[in-house]
């Protein structure tokens, strides 16, 4: 299995995504890539701009939901998707630097990132999590 990545997993009513990485920032990055992939986001190729944000939360699961929710807001409400993403996680604080571009197309929208069965787990070699999206 790849060092960092994501794959869609079956879910009865919503979408679920399994993600893994050797560190938390990699896990968050894989989750962001997976969410955008599930949505089928296509960006305008020639118009990049910079976007920065920071988030603070009490635990990694809440920070992951807040992070993905912020990306979802930027994509669906501000019509900007990320072409490149750099993350730094320092305890309860996440700093994100994005290169964004206008969204040309979204195949399927996500209503919300949920806490349903969300548990970030360290197995000794890597972090894993399964994220459920309300569609």
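The values are calculated or read from the model by the stated rules, or taken from the named source; none is laboratory data. Source: prediction; values computed, not measured. FYI the Cβ positions are ideal-geometry reconstructions off the backbone, even for glycines, and counts take in every protein chain you see.
Restricting attention to segment 83-103, the residues being part of a loop (DSSP other than H, G, I, E, B) and surrounded by 12 or more Cβ atoms within 10 Å (Cβ to Cβ) number 1. Looking at segment 66-82, which of the residues that are under 14 Å from the mean Cα position of the chain (by Cα) and surrounded by 20 or more Cβ atoms within 10 Å (Cβ to Cβ) is nearest to residue 18 (Cα to Cα)? Ranking the qualifying residues of segment 66-82, first place goes to 68. The number of residues in segment 43-53 being under 14 Å from residue 96 (Cβ atoms), at pLDDT 95 or above and surrounded by 12 or more Cβ atoms within 10 Å (Cβ to Cβ) comes to 1. In the set 8, 61, only one residue is part of a helix (DSSP H, G or I) and closer than 19 Å to residue 116 by Cβ; that residue is 61. Residues of segment 110-128 that are surrounded by 12 or more Cβ atoms within 10 Å (Cβ to Cβ) and assigned to a loop (DSSP other than H, G, I, E, B): 110, 114, 115, 116, 118, 120, 126.
Within segment 1-18, residues that are over 16 Å from residue 32 (Cα atoms) sit with their Cβ atoms under 6 Å from residues that are modelled with pLDDT of 70 or more and surrounded by 14 or more Cβ atoms within 10 Å (Cβ to Cβ), at 6+ positions apart or across chains, in these pairs: 14/132; 14/133; 14/135. The condition (being surrounded by 13 or more Cβ atoms within 10 Å (Cβ to Cβ) and either at pLDDT below 95 or under 15 Å from the mean Cα position of the chain (by Cα) (or both)) is satisfied by just one residue among 131, 106: 131. Looking at segment 17-56, which of its residues are in a helix (DSSP H, G or I), within 11 Å of the chain's Cα centre (by Cα) and within 21 Å of residue 134 (Cα to Cα)? If the condition is that a residue be in a helix (DSSP H, G or I), within 11 Å of the chain's Cα centre (by Cα) and within 21 Å of residue 134 (Cα to Cα), then 27, 28, 29, 30, 31, 32, 33, 34, 35, 36, 37, 38 are the ones that fit.
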